[in-house]
Amino acid sequence: MKDNELRVIRNKALYEVYKKGLEEGRFSSMREAGRYVCRQPAPRFYISSEVASDIIGMIIKRKSLINLNSCYRRRAWRLYDEYCRFLEEHPGCRLSRERVMEIIVEQPAPEFYIEPQHTRKILMKEIKKIRAKWEL
């Protein structure tokens with residue numbers, strides 16, 4: 001799946017978590033909503049298997065991830081842990097790293113791995129889209 005497609009799917013999933021949190025009274029402002037929503041479990045890792053495979057390759061080669069923001073670094077290390085766990089559970093695995101990552105990135109993730117302020121921006125855009133549909 002392309003990164004752009006993943007972004008659209010991720011944004012919709014963020015909005016669904018936002019709606020549920022709003023209904024449950026989990027936050028009282030958009031600032032709180034951004035912090036709450038981005039830390040909730042996500043339906044999947046929103047990264048392509050190709051990019052994930054490249055990042056795992058960087059970690060294996062001990063290359064620096066300093067150019068990634070803190071959320072993306074956390075995601076990278078989580079993916080690496082999942083990759084290592086997969087290989088331990090499947091000794092003699094002959095799948096390519098990219099194919100293994102394809103399996104892993106489609107699994108539920110512990111969080112969305114996005115900064116709260118970025119989450120707020122995404123939510124505001126999604127809310128705007130929904131309101132625009134109601135006005136038609």
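The values are calculated or read from the model by the stated rules, or taken from the named source; none is laboratory data. For clarity, every value in this text was computed on a predicted model and none was experimentally measured. Note that each Cβ is placed from the backbone with ideal geometry, even for glycine, and that neighbours are counted across all protein chains shown.
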Can we say Gly21 is outside the structural domain of Ile104 (by TED's automatic domain parsing), over 12 Å from the mean Cα position of the chain (by Cα) and outside any helix (DSSP H, G or I)? no
I'm trying to understand the selection: among the residues of the range 85-101, which are loosely packed, with under 12 Cβ neighbours inside 10 Å and either touching a Phe, Trp or Tyr at 6+ places or on another chain (Cβ under 8 Å) or assigned to a helix (DSSP H, G or I) (or both)? Arg85, Glu88, Glu89
Among the residues of the range 17-39, is any in contact with a strand residue (DSSP E or B) (Cβ under 9 Å, 6 or more places away or on another chain) and closer than 17 Å to Thr119 by Cβ? yes
Only one of (1) within 29 Å of Lys128 (Cβ to Cβ); (2) of a type in the set (D, E, K, R); (3) without any contact (Cβ under 8 Å) to a residue 60 or more places away in the chain; (4) in a helix (DSSP H, G or I) does not apply to Arg26, and that is (4)
Being in contact with a helix residue (DSSP H, G or I) (Cβ under 6 Å, 6 or more places away or on another chain) and within 10 Å of Ile55 (Cα to Cα) is the filter here; which residues of the range 68-93 pass it? Ala76, Leu79, Tyr80
Could you tell me which residue of the range 77-99 is nearest to Glu16 (Cα to Cα), considering only residues that are free of Cβ contacts under 8 Å to residues at least 24 places away in the same chain and of a type in the set (A, V, I, L, M, F, W, C)? Trp77
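Residues are listed down the side, and each one gets a yes or a no for (1) under 19 Å from Asn4 (Cβ atoms); (2) within 16 Å of the chain's Cα centre (by Cα); (3) in the same structural domain as Ala13 (by TED's automatic domain parsing); (4) of a type outside the set (Gly, Ala, Ser):
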site	(1), (2), (3), (4)
Trp77	no, yes, no, yes
Asp81	no, yes, no, yes
Glu115	no, yes, yes, yes
Lys121	yes, yes, yes, yes
Ile127	no, no, yes, yes
Can you confirm whether Lys63 is surrounded by fewer than 13 Cβ atoms within 10 Å (Cβ to Cβ), in a helix (DSSP H, G or I) and either of a type outside the set (Gly, Ala, Ser) or not assigned by TED's automatic domain parsing to the domain that holds Glu102 (or both)? no
Matching entry among Ile47, Ile104, Ile9 (being outside any loop (DSSP other than H, G, I, E, B), at pLDDT 95 or above and either of a type in the set (Ser, Thr, Tyr) or buried (at least 16 other Cβ atoms within 10 Å of the Cβ) (or both)): Ile104
